[in-house]
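The values are calculated or read from the model by the stated rules, or taken from the named source; none is laboratory data. Please read these numbers as outputs of a predicted model, since none were measured by experiment. Please note: Cβ atoms are built from the backbone with ideal geometry, for glycine as well, and neighbour counts cover all protein chains shown. Side chains included, ligands, DNA and RNA excluded: accessible areas come from the protein's heavy atoms. Shrake-Rupley method; radii C 1.70, N 1.55, O 1.52, S 1.80 Å.
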Amino acid sequence: MTRRRFLLLSLLLVVLVGAGLGTYFVTDGRAKEGKGGKAKGPPAVPVTVTAVQQLTLPVRLQAIGNVEAFATVALKARVDGQIVEVNFREGQPVKKDEVLFRIDPRPYQAALRQAEANALRDRAARDHSMSQEKRYQELLAKNFISKDAYAQIRTNAATAEATAKASQAALENARLNLEYCTIRSPLDGYVGRALLQAGNQVRASDPNPLVVINQVRPIYVNFGIPEQNLPDVRKRMTAGPLRAEVVPVDAQQVAPTGTLIFIDNAVDPSTGTIRLRAQFENADVALWPGQFVNISLRLYEQTDALVVPATAVQTGPEGQYVYVISDEMIAELRRVTVTRTDGERAIVEKGLAKGERVVTRGQLRLGPKTRVQIGKPAAEAS
């Protein structure tokens, strides 16, 4: 019993000694911390900022357009015959009046010679009938022949005249058929795939063309805009031609520019859009028929527009906002109203002033009244 009490007293003594030492070290540590200096807050958040700019920017409408050839011609044979020559390479540019196909001309040359001979014969017969009609007219005046006899001679002369004219028409038709044996390009453009090669027989009644030619200088771009923008487009168009630009895939390329030339006469009720057409000179053949492109229609110039990078604008439950950095390096959440975006820039209507600094990188770590540290932009740091 005595031994048991001794163990309990020893254990109690150890606990008391340990508690006293713990209290000493805690108190001593706090005292040292109090003597060492002030307590530190959370570290500053590194961010990248840019100043709000006030610029003159164009107001544009963005759309997806489809490139259409200025003119498309499907060449067909106008006479029957065998193709003896194909004088182009598929896909190459061709000039107006350049010979593309030749059809065997020999049957039409023979028909032309026959038509020439018939025309000569009928002209001779007409001349003879006219001279005979003139002699009989003199005899009728002297009452040497009857009126019925003269009428017959006059009828023969008129018939010969009509026959000569028909022969002349047949001669001209034969010449045309011979010309049709040579098929020329009706415009400057690019040829497609030849559907028939030399040696094939063609007919004037064939529904399929021999080749299709597209004129690409100039060229059209068709696109649609929402019907809500139609009044503004029509208003701006009355003041002068509107400029259209095709946004190149490569930012280093020069954007092809053209002019709006056509507004459709009705809105498509199924889509709520209206079709527009712009014409481009396309001197460098940067646009190709059938291609889909991003097109920008410039309406007017907006002056004193407040511009920030689009990456600075964030969207929350209550709308769009940005973080503005004060002179004390404190982040302030600011509600803004963005009217539109132009590429990588956002145009702000309300909420900002020129020269204020907005955060473009590092917003995810920010909150109201957060201390920040401004770092160099990525381009400068690299």
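Considering segment 71-126, and only residues there that are in contact with a Leu (Cβ under 8 Å, 6 or more places away or on another chain) and assigned to a loop (DSSP other than H, G, I, E, B), the residue that is surrounded by the most Cβ atoms within 10 Å (Cβ to Cβ) turns out to be ALA77.
With respect to the conditions (1) in contact with a strand residue (DSSP E or B) (Cβ under 6 Å, 6 or more places away or on another chain); (2) at pLDDT 95 or above, ASP188 falls short on a single one, namely (1). Evaluating LEU178 against the criteria (1) loosely packed, with under 15 Cβ neighbours inside 10 Å; (2) in contact with a Pro (Cβ under 8 Å, 6 or more places away or on another chain); (3) of a type in the set (A, V, I, L, M) leaves one unmet condition, (1).
With a requirement of 2 or more residues that are of a type outside the set (A, V, I, L, M) and farther than 21 Å from GLU98 by Cβ, the strands (runs of 3 or more DSSP E) lying completely within segment 183-299 that satisfy it span 211-226, 243-247, 257-263, 273-280. Within segment 65-117, the residues that satisfy the criterion of being among the aliphatic types (A, V, I, L, M), over 30 Å from ARG277 (Cα atoms) and out of contact with any Cys (no Cβ under 7 Å at 6 or more places or on another chain) are ALA77, ILE83, VAL84, VAL86, VAL99, LEU100, ALA110, ALA111, LEU112, ALA115, ALA117. Here ASP327 fulfils each of the conditions (1) surrounded by 15 or more Cβ atoms within 10 Å (Cβ to Cβ); (2) free of Cβ contacts under 8 Å to residues at least 12 places away in the same chain apart from (1). Evaluate segment 198-215: report whether one residue or more is open to solvent by 80 Å² or more (accessible area, probe 1.4 Å), within 21 Å of VAL67 (Cβ to Cβ) and under 39 Å from the mean Cα position of the chain (by Cα). Checked against the condition, which is being open to solvent by 80 Å² or more (accessible area, probe 1.4 Å), within 21 Å of VAL67 (Cβ to Cβ) and under 39 Å from the mean Cα position of the chain (by Cα), segment 198-215 yields no hits at all.
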